[in-house]
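The values are calculated or read from the model by the stated rules, or taken from the named source; none is laboratory data. What you see is a predicted model; the values in this text were computed from it and never measured. Don't worry about glycine lacking a Cβ; one is built from the backbone with ideal geometry, like all the others, and counts go over all protein chains shown.
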């Protein structure tokens, strides 16, 4: 499989390493300073494109991939307010796109666990819940995309929570608000926790990443899966197939 990369930072390099370990080739790379038009011939040699770039560039990258009729795997976060635009491009072009806030298999199984737990704890009065996440101090978005996915999952399954409140509240937080709090420190790769708390119990689910390779492995597996497909997918839609 030939792969094109949008973004060649730490994640891009890790994806390249994982791809080569699985006998694939990276044939095209575009980084933040690249002129895409000058890269068109290189990317036309790719079977699939993987995007770990910056939020402002994602729609441009989807359009570029659509023009080449190449499927795209998107791990960039912080652009989700434009997801409907992305779905329209994918539908009109006939390509495939797989989007995730996190391509780690463990994280996505963790989110599935949060979904089930939220439904259980949410049925009983007296339980409150919150989401905490910590990452390295160079991460550009806060809360993380994974934390927001956990938050949305809780809202869908925990009846008393109606909206997300990000950051540290000033004063008392309304009981219908779900707080998502973020810490940025040092070289922390990524830790996400979901807390269920009552007068009698404290239950905490936590996922801790051991490195970027797990994210890269999931992205490359997804790239292998998406070739020959059409439509817009989230990573959780394809977990069973993987």
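More than 30 Å from residue 67 (Cβ to Cβ), out of contact with any strand residue (DSSP E or B) (no Cβ under 9 Å at 6 or more places or on another chain) and part of a helix (DSSP H, G or I) - does that describe any residue in region 131-148?
No, every residue in region 131-148 fails to be more than 30 Å from residue 67 (Cβ to Cβ), out of contact with any strand residue (DSSP E or B) (no Cβ under 9 Å at 6 or more places or on another chain) and part of a helix (DSSP H, G or I).
I'd like to know if region 96-110 contains one or more residues that are over 24 Å from residue 18 (Cα atoms), out of contact with any strand residue (DSSP E or B) (no Cβ under 7 Å at 6 or more places or on another chain) and surrounded by 15 or more Cβ atoms within 10 Å (Cβ to Cβ).
Within region 96-110 (the criterion being over 24 Å from residue 18 (Cα atoms), out of contact with any strand residue (DSSP E or B) (no Cβ under 7 Å at 6 or more places or on another chain) and surrounded by 15 or more Cβ atoms within 10 Å (Cβ to Cβ)), the answer is no, since none of the residues qualifies.
Is it true that some residue in region 173-183 is assigned to a strand (DSSP E or B), in contact with a helix residue (DSSP H, G or I) (Cβ under 9 Å, 6 or more places away or on another chain) and surrounded by fewer than 17 Cβ atoms within 10 Å (Cβ to Cβ)?
For region 173-183, residues assigned to a strand (DSSP E or B), in contact with a helix residue (DSSP H, G or I) (Cβ under 9 Å, 6 or more places away or on another chain) and surrounded by fewer than 17 Cβ atoms within 10 Å (Cβ to Cβ): absent.
Please go through region 188-227 and pick out each residue that is at pLDDT 95 or above and part of a loop (DSSP other than H, G, I, E, B).
Answer for region 188-227, where residues must be at pLDDT 95 or above and part of a loop (DSSP other than H, G, I, E, B): 198, 199, 200, 201, 227.
Filter region 139-159 for residues that are over 12 Å from residue 114 (Cβ atoms) and either surrounded by 16 or more Cβ atoms within 10 Å (Cβ to Cβ) or assigned by TED's automatic domain parsing to the domain that holds residue 53 (or both) and give the result.
If the condition is that a residue be over 12 Å from residue 114 (Cβ atoms) and either surrounded by 16 or more Cβ atoms within 10 Å (Cβ to Cβ) or assigned by TED's automatic domain parsing to the domain that holds residue 53 (or both), then 139, 141, 142, 143, 144, 145, 148 are the ones that fit.
Is it the case that residue 50 is closer than 18 Å to residue 235 by Cα, without any contact (Cβ under 8 Å) to a residue 40 or more places away in the chain and surrounded by 15 or more Cβ atoms within 10 Å (Cβ to Cβ)?
Against the criterion (closer than 18 Å to residue 235 by Cα, without any contact (Cβ under 8 Å) to a residue 40 or more places away in the chain and surrounded by 15 or more Cβ atoms within 10 Å (Cβ to Cβ)), residue 50 does not qualify.
Look through 194, 203 and report the one residue that is in the same structural domain as residue 126 (by TED's automatic domain parsing), under 23 Å from residue 125 (Cα atoms) and surrounded by fewer than 15 Cβ atoms within 10 Å (Cβ to Cβ).
Sole residue among the options that is in the same structural domain as residue 126 (by TED's automatic domain parsing), under 23 Å from residue 125 (Cα atoms) and surrounded by fewer than 15 Cβ atoms within 10 Å (Cβ to Cβ): 203.
Return the total of residues in region 78-129 being closer than 14 Å to residue 63 by Cα and assigned to a helix (DSSP H, G or I).
12
Report whether or not residue 73 is buried (at least 17 other Cβ atoms within 10 Å of the Cβ), part of a helix (DSSP H, G or I) and touching a residue at least 12 places away in the same chain (Cβ under 8 Å).
No, not satisfied.
Checking the structure you have, find out if any residue of region 21-43 is surrounded by 13 or more Cβ atoms within 10 Å (Cβ to Cβ), over 19 Å from the mean Cα position of the chain (by Cα), in contact (Cβ under 8 Å) with a residue 60 or more places away in the chain and within 23 Å of residue 138 (Cα to Cα).
No; the residues of region 21-43 include none that is surrounded by 13 or more Cβ atoms within 10 Å (Cβ to Cβ), over 19 Å from the mean Cα position of the chain (by Cα), in contact (Cβ under 8 Å) with a residue 60 or more places away in the chain and within 23 Å of residue 138 (Cα to Cα).
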